[in-house]
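Asker: Attaching a single structure in structure tokens format; questions to follow.
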Amino acid sequence: MSDKKIVLLTGGSAGLGKATAELLMKRGYMVYSGSRRVTEAQSDPNSKGEIIPVQMDVTDAKSVEAAVTRVMEEQGRIDVLICNAGNGIAGSIEDTSEQEARFQMETNFFGTVNSIHAVAPVMRKQKFGKIITTSSVAGFIPIPYQGYYSASKAAVKILTQTLAIEMKQFGVQCCCVLPGDAKTDFTASRKFTQAAQSPESAYTDRMKKAVDTMAHDEQNGMEPIEISRAILNQIEKKKMSIVVVPGVSYKLISFIARIVPNRFMLFVVDKLYS
């Protein structure tokens, strides 16, 4: 058993997850970094923090349960769960099949659900713990041609807020982090629906322009470490915020989106991506 704080992180092999795992390691945490692709174990000689790779596919409940069982057998507790695993699929609503829509929701939403289902009983019995989920600014600002991505992230936000109410009685805190555009491999790994790639699609031209704009914004966006620091800040706070939007500019966007008429917000988004 370790006296270090024990963190279970999903989606830890790349991007924001990798940056967060490494930052926590440097701060002395023991991070069980879950991913389908198992990476190398790491340790920091100064902080004595560690990254311990663990096989985990968040879309498979049994895989998640096995990872949680391993952590509990080795450490006897889980102090922090970070639900970070996610992916993106582009295409108009019409050009997205039910199967493709389910693919998007399986990782982003149900992957979070599977992780929470596996860890919540542990934290409830412990009478302590912190659960952090990764949503997106796209969870409150609808992104054209990434509608199912936006929907999945909106669902994560509401799920986390509801969980915060339900688990407060057991001493468990919940926080939803909503990053904006960030320089990660998310851009390169974005998938396109089959129909969206067809020249016969009525949406192809506008979809390509919109995705090009998204890709540009992402690759000129925040560094992952900035978002990781926001996550670390919440972990180390006595009382976590329930919703966190990293970055001054995105905090401002979040505020404006809440106060302007919905029709005007949709008008601006349409102009940005057309």
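Asker: Using helices alone, what [θ] at 222 nm do you get for the chain, with -39,500 (n - 2.57) per DSSP H run of 4 or more residues, divided over all residues and rounded to the nearest 500? Let's see the in-between values first.
Answerer: On the way: 10 runs with 128 residues, N = 274.
Result for the chain, helices only: -14500 deg cm²/dmol.
Asker: What's the ranking of 15-21, 121-127 by average number of surrounding C-beta atoms within 10 Å, highest first? Spell out each step's value before the answer.
Answerer: Numbers: 15-21: 25.0, 121-127: 14.9.
For the peptides 15-21, 121-127, the packing ranking is 15-21, 121-127.
Asker: Let me ask you something else. Leaving out ligands, DNA and RNA, what percent of the accessible area of the chain is carbon and sulfur, probe 1.4 Å? Don't jump to the answer; show the numbers that get you there.
Answerer: Details: 7340 of 13550 Å².
It is 54 percent, rounded to a whole number.
Asker: Report the local net charge at residue 60: Lys and Arg +1, Asp and Glu -1, summed over other residues whose C-beta lies under 13 Å from its C-beta.
Answerer: Details: positive: 36, 62; negative: 57, 65, 106.
Surrounding charge for residue 60 is -1.
Asker: Quick one, what does Rg over Rh come out to for the chain if you take C-alpha atoms and the Kirkwood Rh? Don't jump to the answer; show the numbers that get you there.
Answerer: Numbers: Rg = 18.7 Å, Rh = 19.1 Å.
In the chain, Rg relative to Rh is 0.98.
Asker: Can you tell me what share of the DSSP beta bridges in the chain is antiparallel? A percent to the nearest 5 is fine.
Answerer: Values: 2 of 32 bridges.
If we restrict to bridges inside the chain, about 5 percent are antiparallel.
Asker: Taking only the alpha-carbon positions of segment 125-274 and ignoring solvent, what does the Debye formula give for the base-10 log of I(q)/I(0) at q = 0.08, 0.15, 0.19 Å⁻¹?
Answerer: So the normalised log intensities work out to -0.27, -0.85, -1.22.
Asker: Hey, can you find the accessible area per residue of the chain for me, probe 1.4 Å, expressed in square angstrom? Walk me through the numbers on the way to the answer.
Answerer: Values: 13550 Å² over 274 residues.
Accessible surface, normalised per residue, equals 49 Å².
Asker: By per-residue mean of other Cβ atoms within 10 Å, what is the highest-first order of 215-221, 32-38? Walk me through the intermediate numbers first.
Answerer: Working: 215-221: 14.9, 32-38: 20.9.
Those peptides, ordered most packed to least, come out 32-38, 215-221.
Asker: Something else: Could you tell me the calculated FRET efficiency between residue 212 and residue 98, based on Cβ-Cβ distance and R0 = 30 angstrom, to the nearest 0.05?
Answerer: Numbers: r = 27 Å, r/R0 = 0.90.
The pair residue 212/residue 98 has a calculated efficiency of 0.65.
Asker: Counting alpha carbon pairs within less than 8 Å and at least 6 residues apart, what relative contact order, in whole percent, applies to the chain?
Answerer: Details: 540 pairs, mean separation 50.3, N = 274.
Averaging sequence separation for qualifying contacts and normalising by length gives 18 percent for the chain.
Asker: Cross-link list 208/251; 18/209; 127/237; 5/238; 5/251: which exceed 24 angstrom alpha carbon to alpha carbon? Write out the running numbers ahead of the final one.
Answerer: Working: 208/251 28 Å; 18/209 30 Å; 127/237 17 Å; 5/238 14 Å; 5/251 29 Å.
Result: 208/251; 18/209; 5/251 exceed 24 Å.
Asker: If you count, for each residue, the other Cβ atoms within 10 Å and average over each peptide, how do 162-170, 226-234, 203-211, 85-93 line up from highest to lowest? Please report the intermediate quantities before stating the final value.
Answerer: Details: 162-170: 13.7, 226-234: 19.9, 203-211: 17.3, 85-93: 22.3.
The most tightly packed comes first, giving 85-93, 226-234, 203-211, 162-170.
The values are calculated or read from the model by the stated rules, or taken from the named source; none is laboratory data. Computed from a predicted structure; not experimentally measured. No Cβ is skipped: glycine too gets one built from the backbone with ideal geometry, and neighbour counts run over all protein chains shown. Protein only, heavy atoms only, side chains kept; ligands, DNA and RNA dropped before computing areas. Shrake-Rupley method; radii C 1.70, N 1.55, O 1.52, S 1.80 Å.
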